[in-house]
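First the structure, in the form of structure tokens, and then the observations on it.
The values are calculated or read from the model by the stated rules, or taken from the named source; none is laboratory data. Every value quoted in this text rests on a predicted model; they were computed, and no experiment measured them. FYI the Cβ positions are ideal-geometry reconstructions off the backbone, even for glycines, and counts take in every protein chain you see. Note: accessible area is taken over every heavy atom of the protein model, side chains too, but ligands, DNA and RNA are not part of it. Shrake-Rupley method; radii C 1.70, N 1.55, O 1.52, S 1.80 Å.
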Amino acid sequence: MRTQIAAANWKMNLVKEEAEQLMDQLLASAPTLQNNQEVILAIPFPYLTWAQSRLDGLKGYRVAAQNCHHKNAGAYTGEVSAPMLASLGIRDCVLGHSERREYQGEGEALLAEKMDRCLEAGIRPIFCCGEPLSVREAGNQNEFVAAQIRGSLFHLSAEVIAGIVIAYEPIWAIGTGKTATTAQAQEMHASIRQVLAQQYGQAVASQVPILYGGSVKAANAVELFTCPDVDGGLVGGASLNATEFISIVSALS
Ligand code: PEP
């Protein structure tokens, strides 16, 4: 059975006091997870170790970084490397979020390097992909996303790719309140799985959790997570509200 994941992406939100408050609220009613379920909080770098200690002992709850650098060390002022994250005990890292692709110009080759740095450090990447509205309107979304996957992931071995997480996040649905329909989400997730199957075989493709991201909220989570190829969600805005996020976590089952 594939791992089901509810991942929160706090982005660059919350000063420490606000983060404490949200964490307190989450912990006060954190759902007990089944063996195949995980909750991942992708939070700003300064809070990583604090959040880890808060989640300590809570089965299936993990802390992720939102990014890392593509080199292991060196003269890169202001950057954070995968080995640094690993040395803190961080085991997950979001890579290739559309905001980083847009504002930091991250592309397939750079992301392939970041994938390697994470995997070498023992960190599981959550690789984000997704098309802009113009591509969706032209009907080319499947090929666009397939190219993102080929460009950043296809240098990996079957054994390695079986251990990563993919998050499909149509850019037109991120932070817009406009969610993909269940049909759109399922169709793309099946297409991603088929792209993986063509390269690595069905057995490998069927192991990779594929999350949906883009205005997931309590009101649409059950419907989305019920799609056969949707294994959970990567949640931005709604993850900043404890009640909303806890409902989304509960929607996993
Ligand atoms: C995201 O940041 O990955 C995201 C999907 O944001 P939102 O849920 O706010 O659309």
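Results, tabulated for the structure shown:
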item: Residues of the range 191-204 that turn out to be without any contact (Cβ under 8 Å) to a residue 40 or more places away in the chain and farther than 12 Å from ASP231 by Cβ, as a count; result: 5
item: Qualifying residue in the range 202-210 (condition: open to solvent by 20 Å² or more (accessible area, probe 1.4 Å), at pLDDT below 95 and more than 13 Å from the ligand (Cβ to nearest atom)); result: no
item: Output for the range 100-122, where each listed residue is within 16 Å of the ligand (Cβ to nearest atom) and assigned to a loop (DSSP other than H, G, I, E, B); result: GLN104, GLU106
item: Single residue of THR32, THR3 found to be β-branched (Val, Ile, Thr) and open to solvent by less than 70 Å² (accessible area, probe 1.4 Å); result: THR3
item: Options GLU223, GLU131, GLU187; residue that is more than 29 Å from ALA242 (Cβ to Cβ) and either open to solvent by 60 Å² or more (accessible area, probe 1.4 Å) or modelled with pLDDT under 95 (or both); result: GLU187
item: Qualifying residue in the range 191-200 (condition: within 20 Å of VAL135 (Cα to Cα) and either among the small types (Gly, Ala, Ser) or open to solvent by less than 10 Å² (accessible area, probe 1.4 Å) (or both)); result: yes
item: Test: residue in the range 58-65 that is surrounded by 18 or more Cβ atoms within 10 Å (Cβ to Cβ) and out of contact with any strand residue (DSSP E or B) (no Cβ under 6 Å at 6 or more places or on another chain); result: no
item: Enumeration of residues in the range 233-253 that are buried (at least 20 other Cβ atoms within 10 Å of the Cβ) and away from the ligand (no atom under 12 Å from the Cβ); result: VAL249, ALA251, LEU252
item: ARG91 being under 19 Å from the mean Cα position of the chain (by Cα), within 18 Å of GLN4 (Cβ to Cβ) and open to solvent by 50 Å² or more (accessible area, probe 1.4 Å); result: yes
item: Search result, residues across the range 152-180 that are surrounded by fewer than 19 Cβ atoms within 10 Å (Cβ to Cβ), of a type in the set (A, V, I, L, M) and part of a loop (DSSP other than H, G, I, E, B); result: ALA162
